[in-house]
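Just so it is clear, none of the values below were taken in a lab; they were calculated from the coordinates. This is a predicted model, so every value here is computed, not measured. So basically every Cβ, Gly included, is an ideal-geometry build from the backbone, and we count neighbours across all protein chains shown.
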Amino acid sequence: MAVRLDRSAPVRLGDVAREAGLSEGRLAHLFRDELGLPFRPYVLWLRIQRATELVAAGESLTLAAHGAGLADSAHLSRVCRRMFGIAPSEFTRGIRWAVGDAPRYGGPIR
């Protein structure tokens with residue numbers, strides 16, 4: 001099963017659990033056991049990945065934040081600082097994409 005990031009709606013554990021036919025508690029337990037982190041930080045990680053893809057494609061930090069389902073560039077900045085200890089501009093500056101190697105978003109992140 002893939003978690004789909006819909007920038008117009010939050011991704012909720014309960015919704016994913018219902019779709020998977022599991023209780024919220026069981027899904028939360030499986031997430032932590034299988035991925036090594038809870039559901040919410042996983043969703044934030046997917047959003048940061050999406051924002052990074054958009055920045056690599058030439059979008060501004062604000063448009064990348066919105067495209068990844070974050071409220072604004074300040075929200076993106078807070079999440080990056082909390083996860084990596086640096087601002088998103090520093091984080092994305094450190095990524096060097098080879099021509100044609102920038103990731104492309106083609107659907108759900110699996």
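If we count every other residue with Cβ under 11 angstrom of Cys80's Cβ, Lys/Arg +1 and Asp/Glu -1, where does the sum land? After counting each charged neighbour, the total is +3.
So, with +1 on the Cβ of K and R and -1 on the Cβ of D and E, and no other charges, what is the size of the charge dipole of segment 5-47 about its Cα centre, to the nearest 20 debye?
Values: 7 positive and 6 negative charges, 32 e Å.
That gives segment 5-47 a dipole magnitude of about 160 debye.
The mean sequence distance of close C-alpha pairs (under 8 Å, at least 6 residues apart), as a share of the length of segment 29-77, puts its relative contact order at 25 percent.
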